[in-house]
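Trainee: Provided herewith is a single structure, encoded as structure tokens, for subsequent inquiry.
The values are calculated or read from the model by the stated rules, or taken from the named source; none is laboratory data. This is a predicted model, so every value here is computed, not measured. Quick reminder, even Gly has a Cβ in these numbers, built from the backbone with ideal geometry, and neighbours come from all protein chains shown. Just the protein is used for accessible areas: all its heavy atoms, side chains included, with ligands, DNA and RNA removed. Shrake-Rupley method; radii C 1.70, N 1.55, O 1.52, S 1.80 Å.
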Amino acid sequence: GGGEHCCSFQGVGLHFPFGEVVSRYLRQTPTALTVLLIFAKEDSQSDGFWWACDRAGYSCSIARTPESALECFLDKHHEIIVIDHRQTRNFDAEAVCRSIRATNPSEHAVILAVVSQASSNYEEASVLPLLHAGFNRRFMENSSIIACYNELIQIEHGEVRSQFKLRACNSVFTALDHCHEAIEITSDDHVIQVINIINAAQENSPVTVAEALDRVLEILRTTELYSPQLGTKDEDPHTSDLVGGLMTDGLRRLSGNEYVFTKNAPQSHSHLAMPVTINDVPPSIAQLLDNEESWEFNIFELEAVTHKRPLVYLGLKVFSRFGVCEFLHCSETTLRAWLQVIEANYHSSNAYHNSTHAADVLHATAFFLGKERVKGSLDQLDEVAALIAATVHDVDHPGRTNSFLCNAGSELAVLYNDTAVLESHHTALAFQLTVKDSKCNIFKNIDRNHYRTLRQAIIDMVLATEMTKHFEHVNKFVNSINKPMAAEIDGSDCECSPPGKNFPENQTLIKRMMIKCADVANPCRPLDLCIEWAGRISEEYFAQTDEEKRQGLPVVMPVFDRNTCSIPKSQISFIDYFITDMFDAWDAFAHLPTLMQHLADNYKHWKTLDDLKCKSLRLPSDS
């Protein structure tokens with residue numbers, strides 16, 4: 001339906017317009033439709049259908065018994081079957097229909113029941129028994145050739161053509177399922193068209209087919225798996241709200257456990273063309289990625305040029321630079337398929353926790369891994385684990401905090417006992433998505449011991465992003481890494497050895513600190529990026545507060561009310577309480593003067609706004 005759709009068979013360089021694939025299939029179907037008439041005796045009604053078929057150019061067969069009817073159908077696979085349902089003394093029409101429906105070819109057949117005028121005049125009969133028997137339509141007996149002709153023509157242009165399209169699509173998708181490469185269906189300008197194709201197919205489809213396609217669209221448009229979107233908590237209010245919202249399970253229940261569940265409207269993924277290889281990306285994207293090793297890299301420009309799908313492109317570039325495929329013994333095709341699956345399970349509708357945030361954390365992680373002391377402290381397995389952990393660390397995030405999910409009694413909160421709910425879900429889902437299909441299983445070629453070690457490192461890092469243990473992680477890092485390192489430097493004129501090598505527990509602390517800093521590095525980005533991230537997280541918190549009020553749940557962070565919130569105050573509190581000490585410690589280890597300068601500049605920006613009683617992201621004159 002509707003326009004040219006390019007089905008790109010990645011890796012082998014084949015590009016077929018999807019419409020052409022379907023039309024080729026349709027051209028291979030018989031030039032004349034085949035019709036089977038099942039009438040025990042010849043009469044004016046059977047003659048009416050016979051001559052109607054002749055007029056329409058259809059190939060017509062007649063069967064007199066249930067046995068011959070089934071044999072004839074299995075031989076010719078007729079598109080339309082007309083069964084005489086007017087009399088029961090010759091054969092049971094519903095039994096005949098059921099026997100045909102029990103065969104595989106009948107899946108694409110349209111079966112018509114001819115019913116008598118007498119029974120319908122007595123009382124309008126329900127069509128349900130006919131539908132339950134397997135009939136598609138009911139035809140009131142009328143021996144007029146034109147009446148029979150009109151009925152057959154309507155069936156051809158409705159159900160039969162829809163069945164042809166479904167058969168064509170089924171053939172294509174069966175072929176795609178056996179293809180070992182990543183597949184995309186796009187327009188000529190590389191805009192993904194699956195949803196558009198289905199929308200077009202709905203236009204001329206019967207109600208039952210259209211309803212089924214509605215369900216398909218709903219599945220395609222939502223990334224929710226276990227995350228019901230649910231839909232309130234009253235010192236410095238900004239700091240206390242941040243602590244309460246990010247560092248507790250929000251266990252302030254409503255009386256009577258009156259949990260209310262709602263579901264977000266289905267979210268549509270943005271259109272995107274996927275790269276065939278790292279060397280096969282559009283020039284505009286490749287040019288941006290040339291700067292990906294710089295801390296000044298603008299992730300929002302990548303988000304825009306990739307139509308909100310930056311993770312695949314940045315992932316391919318970063319993973320290639322760190323030799324991840326070589327370490328895992330997996331092909332770039334498998335890596336690309338994995339990145340596609342992971343990115344597809346981020347919610348593009350979230351203001352903050354979407355695949356752009358994941359790409360930003362991946363970028364920061366890769367930047368930290370390039371710092372001399374970090375690199376000298378970790379093994380390649382640690383590097384690979386860190387890059388994978390950064391990529392998956394918020395997959396399927398619902399745009400709500402752990403406190404919210406616990407207060408709402410969500411399925412995830414129940415599943416994980418109100419403990420590290422989202423972080424547990426991110427890791428579990430990431431591994432489920434990875435290992436369920438060989439085409440995207442980046443771990444399939446490494447031995448069991450390597451996999452177990454890698455898996456444990458990934459889980460540990462993602463769980464470290466949960467904020468309830470924030471100060472525990474920071475203090476352990478300071479006491480076990482920073483202080484001994486400082487003492488060693490003070491007591492020696494020579495350069496000290498990296499603190500992580502040969503000490504797995506130290507490597508674990510470094511990796512935790514690294515992903516924690518990467519996860520909340522927004523205040524250390526250049527000012528324009530910092531402001532954009534502040535606006536996005538504020539909007540996500542505003543949406544949570546709105547939902548909590550609608551659902552009568554405890555408001556976890558009351559200061560994040562879109563009508564009253566001071567964004568500068570919230571940023572100042574966040575930096576004072578969570579960021580400054582952690583980045584001071586991380587800077588002392590990794591040496592990050594650029595980040596610390598940005599942090600100071602950004603803090604000054606927020607303080608200036610607050611001093612001027614400005615509650616927005618910028619002064620009105622700067623907007």
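Trainee: Probe of 1.4 angstrom, ligands and nucleic acids ignored: what's the accessible area per residue over the stretch 473-623, in square angstrom? Intermediate results must be reported in sequence, preceding the final value.
Mentor: Numbers: 6720 Å² over 151 residues.
Value for the stretch 473-623: 45 Å² per residue.
Trainee: Turning to a different aspect of this structure: Pop a pseudo-label 7 angstrom from the Cα along the beta-carbon direction at both GLN432 and LYS483 and give the gap in nm to one decimal.
Mentor: Here the modelled spin labels are 4.2 nm apart.
Trainee: Which entries of LYS549/LYS607; LYS371/LYS476; LYS371/LYS483; LYS483/LYS604 show an alpha-carbon separation above 25 angstrom in the structure shown? It would help to have the intermediate numbers written out before the result.
Mentor: Numbers: LYS549/LYS607 30 Å; LYS371/LYS476 21 Å; LYS371/LYS483 19 Å; LYS483/LYS604 29 Å.
From LYS549/LYS607; LYS371/LYS476; LYS371/LYS483; LYS483/LYS604, over 25 Å: LYS549/LYS607; LYS483/LYS604.
Trainee: Would you mind checking the stretch 516-544 for residues with the amide N under 11 Å from a putative spin-label position 7 Å along Cα→C-beta of ARG562?
Mentor: Correct set: 539-544.
Trainee: Please compute the modelled spin-label separation between ILE146 and HIS307, points set 7 Å along Cα→Cβ, answer in nm with one decimal.
Mentor: The modelled label-to-label distance comes out at 5.0 nm.
Trainee: In addition: For PHE560, PHE471, PHE503, write out the residues from largest to smallest accessible area, computed with a 1.4 angstrom probe and no ligands counted.
Mentor: Working: PHE560 10, PHE471 75, PHE503 105 Å².
Largest accessible area first, the list is PHE503, PHE471, PHE560.
Trainee: Another one. Using 0.36 nm per residue, how much length does the chain from ARG89 to TRP51 gain when fully extended, once their Cα-Cα distance is taken away? Could you put the intermediate results ahead of the total?
Mentor: Numbers: separation 38, 0.36 × 38 = 13.68 nm, distance 2.58 nm.
Gain in length upon complete extension: 11.1 nm.
Trainee: Could you work out the relative contact order of the stretch 283-342? I mean the mean sequence separation of Cα pairs under 8 Å and 6+ apart, divided by the number of residues, in percent. It would help to have the intermediate numbers written out before the result.
Mentor: Details: 25 pairs, mean separation 16.7, N = 60.
28 percent.
Trainee: So, one more: Work out the FRET efficiency for ASN104 and THR468 from their Cβ-Cβ distance, taking R0 = 60 Å, and round it to the nearest 0.05. Write out the running numbers ahead of the final one.
Mentor: Values: r = 56 Å, r/R0 = 0.93.
The formula returns an efficiency of 0.60 here.
Trainee: Using just the alpha carbons, could you tell me how many Å³ per residue the convex hull of the stretch 322-437 encloses? Please list the in-between numbers first.
Mentor: Values: hull volume 13.8 nm³, N = 116.
Looking at the stretch 322-437, the number lands at 119 Å³ per residue.
Trainee: What is the log10 of I(q)/I(0) for the stretch 340-398, computed with the Debye formula using one identical point scatterer on each Cα and no solvent, at q = 0.25, 0.27 Å⁻¹?
Mentor: Result of the Debye calculation: -0.92, -1.01.
Trainee: What is the distance, in nm, between label points placed 7 Å from the Cα along the Cα-to-Cβ direction at ASP379 and at ASN291?
Mentor: A separation of 3.8 nm, rounded to one decimal place.
Trainee: Now for a different question. In the stretch 507-595, what trypsin sites (Lys or Arg not before Pro) fall in a loop by DSSP, with at most 16 other Cβ atoms inside 10 Å? If you can, show how the numbers build up before the last one.
Mentor: On the way: sites: LYS511, ARG512, LYS516, ARG536, LYS549, ARG550, ARG562, LYS569; in loops: ARG562.
Loop-located and lightly packed - ARG562.
Trainee: Out of the total accessible area of the stretch 371-411 (probe 1.4 Å, heavy atoms of protein only), what percent is carbon and sulfur?
Mentor: On the way: 340 of 870 Å².
The computed percentage sits at 40.
Trainee: Say R0 is 56 Å: what FRET efficiency, to the nearest 0.05, do SER59 and GLN456 get from their beta-carbon distance? Walk me through the intermediate numbers first.
Mentor: Numbers: r = 66 Å, r/R0 = 1.17.
Efficiency for this residue pair is about 0.30.
Trainee: Within the stretch 71-99, list the residues whose amide N lies under 16 Å from a label point set 7 Å along Cα→Cβ of ALA40.
Mentor: 83-97
Trainee: From largest accessible area down, sort ASP581, ASP561; use a 1.4 Å probe on the protein chains. Spell out each step's value before the answer.
Mentor: Working: ASP581 105, ASP561 25 Å².
Of ASP581, ASP561, the descending order of accessible area is ASP581, ASP561.
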